[in-house]
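The values are calculated or read from the model by the stated rules, or taken from the named source; none is laboratory data. Just so it is clear, the structure is predicted and the values come from calculations on it, not from any experiment. Keep in mind that these areas ignore ligands, DNA and RNA; they rest on the heavy atoms of the full protein, side chains included. Shrake-Rupley method; radii C 1.70, N 1.55, O 1.52, S 1.80 Å.
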Amino acid sequence: MTTDRPKVMLPIAGKPLLRWLVDGFKKEHVNDITVVGGYRVDAIDTSGIKLVVNERYAQTGELASLACATDGLEAETVISYGDLLFRSYVLRAVVETRAEFSVVVDSSPSAESDRTVRDFAYCSRADDRGLFGTPVLLKRVVSAKQPQNSESGETANGRWIGLLKVGREGVVKLKTVLGKLRERPDFDTLDMPALMNALIADGAQIEVLYVHGHWRGVNDLEDLQQAVDFAHAQTPFGSTPGNGSAGNGSGSSKAPHD
């Protein structure tokens, strides 16, 4: 299915996966959108976006792609994986947060049969509705598929879904930490969790916004079918009553390649 196009151009309920993501950001008044392309970049629909290219996509990982888009970064930003669908309230909550850094973590349990589960998040508190209003901070993210209990005996509190908000004051710190990571000999292999863990090690506080489902990532054919069903059933970027006010529109989006 991706012989002649990248995954982000696969059709989901009538329009490409990337277009769902772009339209979702624009509905929250985030209009300065940069997409990092690599494989079959010629097939990417560039309407409404700025496209930059990671020429070394075949030899590099997520951080190398993100680095292609951060040189001119100045305003607050939402960094996103390029293969996500989610309900509109998820992005709205991210856009409206005033934290220096914030991430979205899904606290619902993952099925044992899900072969694509990754990005386990360990947080300062579990998702407890009784603690509403109590700040929750990210402690670390584990990239690879892990058993529910880590070596230290801790239990993962959920999965990072692929959204990271960087506030205006966090942009300088992000670029500084990313610059240090670029000096590492293994930089080409690093992923987004490596960046978040490095930010935390540098003293950054990353606020956690918990959700319980209401999103989909597309990593294999089963995920693709679930994404189609999700888009048909829930209209993930539609205007849903009761979800709160619109975003403030001061962010931009960066979508690393997969």
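Of all accessible surface on segment 1-148 at a 1.4 Å probe, what whole percent is carbon and sulfur?
C and S atoms contribute 51 percent here.
Keeping all protein chains in place and using 1.4 angstrom, which order do Y210, Y122 fall into by accessible surface area, from largest down?
The residues order as Y210, Y122, largest area first.
I'd like the accessible area for K139, computed on protein heavy atoms only with a 1.4 Å probe and all protein chains in place. Round to 10 Å², please.
Here the accessible area works out near 90 Å².
Distance check, please: which entries in K26/K173; K27/K175; K7/K27; K26/K175; K139/K173; K15/K165 exceed 20 angstrom between their Cα atoms? Don't jump to the answer; show the numbers that get you there.
On the way: K26/K173 26 Å; K27/K175 27 Å; K7/K27 23 Å; K26/K175 25 Å; K139/K173 17 Å; K15/K165 26 Å.
Pairs exceeding 20 Å: K26/K173; K27/K175; K7/K27; K26/K175; K15/K165.
Quick one: pull the percentage of alpha-carbon pairs in segment 1-146 with a separation above 22 Å.
Distances greater than 22 Å cover 50 percent of the Cα pairs.
Based on a Kirkwood Rh over C-alpha pairs, give the Stokes-Einstein translational diffusion coefficient of segment 18-95 at 10 °C and viscosity 1.306 mPa s in µm²/s.
Approximately 118 µm²/s, per Stokes-Einstein.
When ligands, DNA and RNA are left out and all protein chains stay put, how many square angstrom of accessible area per residue does segment 1-150 have with a 1.4 Å probe?
Heavy-atom SASA per residue in segment 1-150 reads 46 Å².
Which three extents, in angstrom, do the Cα atoms of segment 166-209 have along their principal axes, listed largest first?
So the extents along the principal axes, rounded to whole Å, are 30, 20, 14.
Mind listing the phi-derived Karplus ³J(HN,Hα) values for segment 88-102, rounded to whole Hz, using 6.51, -1.76 and 1.60 with θ = phi - 60°, and x for any glycine or proline?
Values per residue, Gly and Pro as x: 4, 5, 5, 5, 4, 5, 5, 4, 7, 5, 9, 5, 4, 9, 8 Hz.
Using C-alpha positions alone, give me the convex hull volume of segment 66-223 per residue in cubic angstrom.
130 Å³
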